[in-house]
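Below is one structure; the comments refer to it alone.
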Amino acid sequence: MTRPPFPPPTSEDIAAVSAQLGRPARDVAGIAARCVCGAPTVVATAPRLSDGTPFPTLYYLTHPAATAAISHLEATQVMNEYNQLLADDPDLRERYRAAHESFLADRESLGIVPEIAGISSGGMPERVKCLHALAAHALAAGPGVNPIGDLALERCSWSPAVCACAPAAGPGAGAAATETSTARPAGS
């Protein structure tokens, strides 16, 4: 997990992210979270793209296995449950609002874009709209910062503590699943 300022992404990082996305990566400010094997999991994107477009989604989930697991979770309609939790639990609402403020501070440290001032991502701070964005923020910021992102990561079938990267092409290439105690454990 990494928060701004980010080390500049390497050409290998950009190539890996482009392969994960199936398109050229654009305006990557840094790698905000990595798989236990070192592959990018979350990129941080500049708040204004090079073509001038404002881009509110600072943290972007790129890891294919993580993205698929969160997509599957979204398909179960869990966002309705999380929205109800927000409506019923004042403490959760306050922690979610704090996550929104944390997200805005991180993004504004990379540049202030008036067109997106006060707008974060994933529906923060009022509702749950995109679990991909919330899980990406949770992975970048670490456990306890984004409570809904944490809930999604706990509930999805992917774990940041286990490598689920596609094996590299070529004979004998690819690594076995790897676990590490330094990665964010599932369920935290």
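A compact table of results
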item: Candidate set from segment 7-39 (those that are buried (at least 18 other Cβ atoms within 10 Å of the Cβ) and touching a residue at least 60 places away in the same chain (Cβ under 8 Å)); member that is farthest from ALA135 (Cα to Cα); result: ALA29
item: Residue within segment 65-75 that is small (Gly, Ala, Ser), farther than 18 Å from MET1 by Cα and not in a helix (DSSP H, G or I) present; result: no
item: Subset tally (residues that are under 23 Å from ILE116 (Cβ atoms) and outside any loop (DSSP other than H, G, I, E, B)) for segment 34-48; result: 5
item: Answer from ASP51, ASP13 - the residue that is modelled with pLDDT of 95 or more, part of a loop (DSSP other than H, G, I, E, B) and among the acidic types (Asp, Glu); result: ASP51
item: Wholly enclosed helices (runs of 4 or more DSSP H) of segment 76-147 bearing at least 1 residues more than 28 Å from VAL162 (Cα to Cα) and in contact (Cβ under 8 Å) with a residue 24 or more places away in the chain; result: 78-88, 90-108
item: Condition met for ILE31 (assigned to a strand (DSSP E or B), under 20 Å from GLY149 (Cα atoms), touching a strand residue (DSSP E or B) at 6+ places or on another chain (Cβ under 9 Å) and β-branched (Val, Ile, Thr)); result: yes
item: Conditions (1) buried (at least 16 other Cβ atoms within 10 Å of the Cβ); (2) within 16 Å of the chain's Cα centre (by Cα); number of the one not met by SER71; result: (1)
item: Residue pairs meeting the criteria (Cβ under 6 Å; at least 6 apart or on separate chains; first buried (at least 23 other Cβ atoms within 10 Å of the Cβ), in segment 54-67; second of a type in the set (Phe, Trp, Tyr)); result: ALA66/TRP158
item: Some residue of segment 93-100 being in contact with a Pro (Cβ under 8 Å, 6 or more places away or on another chain) and surrounded by fewer than 15 Cβ atoms within 10 Å (Cβ to Cβ); result: yes
item: Residues that are aliphatic (A, V, I, L, M) and either crowded, with 17+ Cβ neighbours inside 10 Å or closer than 14 Å to PRO64 by Cα (or both), drawn from segment 40-49; result: VAL42, VAL43, ALA44, ALA46
item: Looking only at segment 129-148, and only at residues there that are closer than 16 Å to ASP91 by Cβ and touching a Leu at 6+ places or on another chain (Cβ under 9 Å), the one that is surrounded by the most Cβ atoms within 10 Å (Cβ to Cβ); result: ASN146
item: Number of the condition not met by SER50 [criteria: (1) without any contact (Cβ under 8 Å) to a residue 60 or more places away in the chain; (2) of a type in the set (S, T, N, Q); (3) closer than 24 Å to PRO160 by Cβ]; result: (3)
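The values are calculated or read from the model by the stated rules, or taken from the named source; none is laboratory data. The shown structure was predicted, so the numbers you read here are calculated from the model rather than taken from an experiment. All Cβ positions, glycine included, derive from the backbone under ideal geometry; neighbour counts span all protein chains shown.
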